[in-house]
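One structure is given below, encoded as structure tokens.
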Amino acid sequence: MAELREQGVGTQVLYIPVYLQPWYQETYGYGFGKFSNAEAYYLKSLSLPLYPTMTDDDVERVIGAVQRIANPPSCTTAWRVANDRSERVYPAILW
């Protein structure tokens, strides 16, 4: 998020698990470690700018910033798609 902010792209947390909200923590004593999948998603997700008045230039600026951060020139990455029987590896491509 900080790298995107440095490039002029505002982001925010997309999803905060309900049980990590202050009321649930204070009332029920919930905290990290209760639901590992929700916490993993929370720690790795963010919301990119998306609004009705975005111009094509705005969209290109956001895409460019994400590409520069996600795919630096010296880095080769891949992402995995798993299903019930097999796992396939695809090269990471952003637009």
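Computed from the coordinates by the stated procedures, all read-outs in this text should not be read as laboratory data. Keep in mind it's a predicted model, so treat the numbers as computed, not measured. Here Cβ is always computed from backbone atoms with ideal geometry, including for glycine, and neighbour counts include all displayed protein chains.
Quick look at the numbers
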quantity	calculated
Rough spin-label spacing in nm, given labels placed 7 Å along Cα→Cβ, for Gln25 and Tyr41	2.0
Label-point separation, Ala70 to Asp58 (7 Å along Cα→Cβ), nm	2.0
